[in-house]
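Heads up, the thing below is written out as structure tokens.
Since every read-out is calculated from the coordinates, none of them should be taken as a lab result. Everything numeric in this text was worked out from a predicted model, so none of it was measured. Heads up, the Cβs are rebuilt from the backbone with ideal geometry, glycines too, and the neighbour counts pull from every protein chain shown.
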Amino acid sequence: MEKIRRTIHATARELANRAARPRVDKKLPFELSGNQRISEEEMKERLKRPLRNVTLLVIALVLMAPVALPGATEQMARDGNPVVAFVNVNVIPMDRERVLKNQTVVVRDGRIAEIGDAAKVKAPAGALVIDGRGKYLIPGLIDMHTHLFSDDEFPDALAADELAIMVANGVTTIRLMIGTPEHLVLREKVASGALFGPTLYVASPQLAGRSYGRIFNGYVVTTPDEAREAVKKSKAAGYDFIKMTTNITRPVYDAAIETAREVGIRVVGHVDLQVGLHRALEVKQQIEHLDSYMEAVLKDDSPMKVSVSDSGVWRRPNWESLDYIDERKVARVAKATAKAGIYTCPTLTFFKLSFAVEQSDDEIRARKDFRFFPPKRREPLLVAHRRFWTEPPSAERRQIYLRVRNQLVKGIHEAGGKIMAGSDTPELFLLYGYTLHRELRSLVEAGLSPYAALEAATRNPAEFLKALDTFGTIERGKRADLVLLEANPLDDIANTEKRVGVMSRGRWMPEAELKKMLDQIAERFERDG
Ligand SMILES: [Zn+2]
């Protein structure tokens, strides 16, 4: 856990780092020379400057590289269709579990202007009419846990393509979990319509008890004062949340929580074992990855107190703790989570496909997102993957791991807690966009209904983001972030991938156009990535 380069929750980059190069004092095989990314020092330097300077600097950086922003996608944001009408469409509004049959949905200036029975509401003259007969309209999807390749060793110029891939998958809002100043610029560019991409929420650079090598993007906080300072700077810089990662002591944590309350910003992310689940629930932190839950469900008399939450998942001996799970505690902890009223983003798929269910190289290569992994990333990731699976924990323990995580999610949901879908991509050949759909299936596999799974990627995150009045459901006045599907996702959640087209901020893109865009992006990644 101490040797991991960046955030602890097992990103593929970390997997590669840890498995392929367990010592951080050596250069990773896929690392680039230092001048191609922001060094930790530089990052710290930038964050020390007053907000205005930081903003000017990052704007300058983005303006300096305009050629790299793909013209086609920029264009799309500019000439959105003024009026669009979906006619005879089945609407899944997500206000409650129901399907409104045979509707007309009129979109004007990026908003849902009208919605009603097709017999009464007609498409306005001159509108672009989209035949929705037999099709299903759902709100645009929200991915609550993402990162970008361009966060670290890949150029910022890649970001526009990365965001476009998400929209092509029906993802119209995302939360970036370890923010950078560049992300704040991207957030503004999407909001102003200058850049085609999902609406961005950006968590702060990570607060961690120690730095993980050269690509860190964060604040090292070892004292309460450092924590207070980092929270204040992050708030001043304009980040939407404070992101906690690991090696956080209780006094540091408490100081961060207290300061965050004072300055009015919410704390999200990991829960260090030094903090513990109990405390995180008490202060109502929004928890990612079910961090610290595995430890919280060990039997009272378990000879082991550490388990496989967070970075513990990398340690083979920790897997023995799965023999000491108290299943009654699983239900109890799930109830306590629901009672705390926090939103849970379990990122089930990432952990399932990284640690519980073996995937062959061929299976990985056959994934439709594989082509978007920059070529120089592929082999190191495959090597790392093979190394982990050369000597995996026993199948039985992996089964328990999967089952307990699923039970926690189902338990939290059934107790009235709110679940949010997050992919934690682009990790271990699990790309953004594509993996959000995998996560929806994982939530159903855990025991949620297709409706509840869809809620986890629409209204629940919108509610958490305090933006349900703007998006997350299909209602008059809301932003026109929509996905048109061939089949009903409430019958089979996998139908969220049967897209007819995506509407992002009122701009309609049929599937053929999206496919063409993805092909172009894949070519660029192959060439420049
Ligand atoms: Zn993450």
Fewest-first sequence of D362, D95 by Cβ atoms within 10 Å of each Cβ: D362, D95
Cross-link pairs beyond the 23 Å C-alpha cut-off, checked among K339/K466; K232/K305; K233/K478; K101/K122: K232/K305; K233/K478
Extended-chain gain in nm, criterion 0.36 nm per residue less alpha-carbon gap, D131 and R476: 122.2 nm
Listed residue pairs exceeding 32 Å between alpha carbons, taken from K243/K516; K352/K418; K235/K516; K284/K498: K243/K516; K235/K516; K284/K498
Proximal aspartates and glutamates to K120, defined as alpha-carbon separation beneath 14 angstrom and excluding residues fewer than eight positions away on the same chain: none
Order of D156, D291 under a 10 Å beta carbon neighbour criterion, fewest first: D156, D291
Ranked by how many other beta carbons lie within 10 Å on average, peptides 165-173, 292-300, 464-472, 513-521 from highest: 165-173, 292-300, 464-472, 513-521
Mean projected area (nm²) of the alpha-carbon convex hull when region 206-319 is viewed from all directions: 7.4
Karplus 3J(HN,Hα) series, Hz, for region 399-415 with 6.51 cos²θ - 1.76 cosθ + 1.60 (x for Gly, Pro): 4, 4, 3, 4, 5, 5, 4, 5, 4, 4, 5, 4, x, 4, 4, 5, 7
Footprinting exposure proxy for S307, S504, S192 (fewest neighbouring C-beta atoms within 10 Å first): S192, S307, S504
Cross-link reach list, lysines versus K376, counting only Cα pairs under 17 Å and skipping chain neighbours closer than eight places: K27
Computed FRET value (nearest 0.05) for K305 with E379, which takes r as the C-beta separation and R₀ as 45 Å: 0.75
Calculated log₁₀ intensity ratio I(q)/I(0) where the Debye formula runs over C-alpha points of region 206-253, q = 0.16, 0.23, 0.27 Å⁻¹: -0.38, -0.78, -1.02
16 Å Cα-Cα reach of K368 towards aspartates and glutamates, excluding residues that sit fewer than 8 places from it in its own chain: E162, E427, E439, E497, E511, D519, E523, E526
